[in-house]
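Every read-out reported here was derived from the displayed coordinates using simple, explicitly stated rules and does not represent laboratory data. Everything quoted here is computed from the prediction, not taken from an experiment. Please note: Cβ atoms are built from the backbone with ideal geometry, for glycine as well, and neighbour counts cover all protein chains shown.
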Amino acid sequence: MWGVWLLGATCFSFSAYAQNKVKAPMEDVNQVVDLTLDSLNKAKTARPVAGSTRKGNNPVLFLVGNSTMRTGTLGNGNNGQWGWGYFFHEYFDENKITVENHALGGTSSRTFYTHLWKDVLKGVKKGDWVIIELGHNDNGPYDSGRARASIPGIGKDSLEVTIKETGVKETVYTYGEYMRRYIREVKAKGAHPILFSLTPRNAWEDKDSTIITRVNKTFGLWAKQVAKKEHVPFIDLNEITARKFETFGKEKVKYMFYLDRIHTSVFGARVNAESAAEGIREYKKLELARYLKPVEKDTVTGSTRKKGCPVLFTVGDSTVRNQDKDENGQWGWGSVIAELFDLNRISVENCAKAGRSARTYLEEGRWDKVYKALQPGDFVLIQFGHNDAGAINTGKARAELPGAGEESKVFLMEATKTYDVVYTFGWYLRKFIRDAQEKGAIPIVLSHTPRNMWDNNEIQRNTTSFGKWTREAAEATGAYFIDLNKLSADKLQQIGYEQGLKYVAPYFCKDHTHTSLKGAHLNAQSIADGLKETDCTLKNYLK
């Protein structure tokens, strides 16, 4: 029966609900084919046994929902989509409470209640918590295809149906009645139910609007109404995340989703998880908030800020920040460039990290620290490219797809056995740029520093690969671009051509990529020279 239930919707007769005087089902306006596999047995192997994570007498937080909470049968991101329930445990102190994600893609309030709820309820004990976020799939036919629609509204209406494909008889209730049943059955166990509104879609009021379309006239409204009447908390997840999306803007919101306008990427899933935690924390006198971890505050990034002065953040790899302590060791230009600025009017923070590509700098959360510290009027120098080639999902696993386009692909990472969506090199740069612009900061992207590698007395350039893609990312976003590779390569070419290649060696240390202190100063000066040729206001802070 499960497999039939998950099949695509088919046409059906309206006579049954017309005779019973109940509302017609909600139309499936999205027409998104859910990727959940048609196997209940397989789903059971992926979802936890209810209550199995319980530690001693600690409570368990059960998550009940659909693909926006747990996408696909396995919920492991193998299709590039993630539900927010996957990341929600990160916000809780798991020595005090554990989080179990029992959601399953494709389920409605009706089908979750009919097929899955009984097994979840078995694990619920006194003092536990149950978050319920359902409604995305409460549409389509009542009695055929997926047969997952609930009757619109919160009334007491019901409808007897016979599923056409199987002959199974079923009573269909309103959305509100299913919510009431979840609530009452959770309360009967001595546990605490919480209703959530749906997650927002990538849908805007109109083509030119900056307002995300809310779902607060149907399922969001009905969940709120039921919660009020049943005296349980209601958290408007739709509103909390929608406000963030409106701040992000349309371009950034696009990559909050993957493959369609409903199912979130890892980025969107993490935003929803954060919003869910915020909703719990801000809800007045909600005891569940006691189990949340304290909000971590980064007291380092941005700490050099002087009142009324901007900060210049430098972002990149080992050519931007290296050991930077031994005069005879390796240095990055980000650790010496402050010498070129008037530090009474601007401060400089080197946030680069050796060995990182644009992708791994983002994945490790390093960019998030810079992003959160940015304020209007700040500046960000961004340089990647040295570590952005090679293996994508094996070995160091730090490369991106080549180019500057919108391409992406799902990879299984060899080391972690997890799935990641990997984008092009230019995509990551555009993300950094747009994030900075969103915060009112000014991004400047740089082609990567030249290496001490020569062909027929000509120093090698990167004009056909990372340098080209960096320029394209800048042009696509209106960011400033400085061709650091060309500026420094021209200087090194002049030294090498006139005096012999051995005179270039002191600008590098131990290999052909990492610069000495002398080389770091050369690259920093090249950046200053490049700034002077632009109308970027950062040049006004140079000495």
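Assuming R0 = 30 Å, what is the FRET efficiency of THR463 and GLU438, from their Cβ-Cβ distance, to the nearest 0.05? Efficiency, from the Cβ-Cβ distance: 0.50. Along segment 130-140 the Karplus relation, 6.51 cos²θ - 1.76 cosθ + 1.60 evaluated at θ = phi - 60°, assigns HN-Hα couplings of 9, 9, 10, 9, 9, x, 4, 10, 7, 9, x Hz to successive residues, with x for each Gly and Pro. The order of the peptides 338-350, 74-86 by mean Cβ neighbours within 10 Å, most packed first, is 74-86, 338-350. Given R0 = 56 Å, the distance between the Cβ atoms of ASP119 and GLU475 translates into a calculated FRET efficiency of 0.55.
Compactness of segment 193-332 is given as radius of gyration and Dmax, 21.0, 72 Å, from Cα positions. With neighbours defined as other Cβ atoms within 10 Å of a residue's Cβ, the residues MET413, MET69, MET453 order from fewest to most as MET453, MET413, MET69.
Packing, as the average of other Cβ atoms within 10 Å across residues, places the peptides 247-260, 460-473, 203-216 in the order 460-473, 247-260, 203-216, highest first.
Under the simplified labelling scheme, the TYR283-CYS309 pair shows an inter-label distance of 4.6 nm, with each label point 7 Å from Cα along Cα→Cβ. Using only the alpha-carbon atoms, how far is helix 425-438 inclined from the longest principal axis of the chain? Give it as 0 to 90 degrees, nearest 10. Once rounded, the angle reads 80 degrees. The ranking of ILE495, ILE280, ILE442 from fewest to most other beta carbons within 10 Å of each one's beta carbon is ILE495, ILE442, ILE280. The mean of 1/r over all distinct Cα pairs in segment 148-227, once inverted, gives the Kirkwood hydrodynamic radius of 14.9 Å. Here the Kirkwood formula, the inverse mean of 1/r across different C-alpha pairs, assigns segment 322-472 a hydrodynamic radius of 16.9 Å. Each Lys or Arg adds one and each Asp or Glu takes one away; over the other residues whose Cβ falls under 12 Å from the Cβ of MET179, this sums to +2. When segment 311-541 is described by a simple charge dipole with +1 on each Lys and Arg Cβ and -1 on each Asp and Glu Cβ, the residue from ASN393, GLN330, HIS514 located farthest towards its positive end is ASN393. Each residue of segment 203-209 was assigned a 3J(HN,Hα) from its phi angle through the Karplus curve 6.51 cos²θ - 1.76 cosθ + 1.60 (θ = phi - 60°); the sequence is 9, 10, 4, 7, 4, 9, 6 Hz, with glycine and proline shown as x. Relative to the dominant Cα principal axis of the chain, helix 219-230 is inclined by about 60°.
Here the peptides 217-226, 363-372, 423-432, 293-302 are ranked by packing, the mean other Cβ count within 10 Å, and the order with the highest first is 423-432, 217-226, 363-372, 293-302. Amide H contacts of ASN462: none lie under 5 Å away among residues 5 or more positions distant or on a separate chain (H built 1.01 Å from N in the peptide plane; Pro and chain starts excluded).
GLY308 sits among other residues whose Cβ lies under 13 Å from its own Cβ, and their net charge, with Lys and Arg +1 and Asp and Glu -1, is +3.
Each label was represented as a point 7 Å from its Cα along the Cα-to-Cβ direction; for LEU412 and VAL168 these points are 3.1 nm apart.
Antiparallel beta bridges, as assigned by DSSP with both residues in the chain, represent about 35 percent of the total such bridges.
Amide H to amide H, with H built 1.01 Å from N, VAL348 comes under 5 Å of LEU312, counting only residues 5 or more places away or on other chains. Taking amide hydrogens as placed 1.01 Å from N in the peptide plane, the amide H of THR107 sits under 5 Å from those of SER67, each at least 5 positions away in sequence or on another chain. Computed over segment 54-136, the alpha-carbon pair-distance distribution with 10 angstrom bins reads 19, 48, 30, 3, each value a whole percent.
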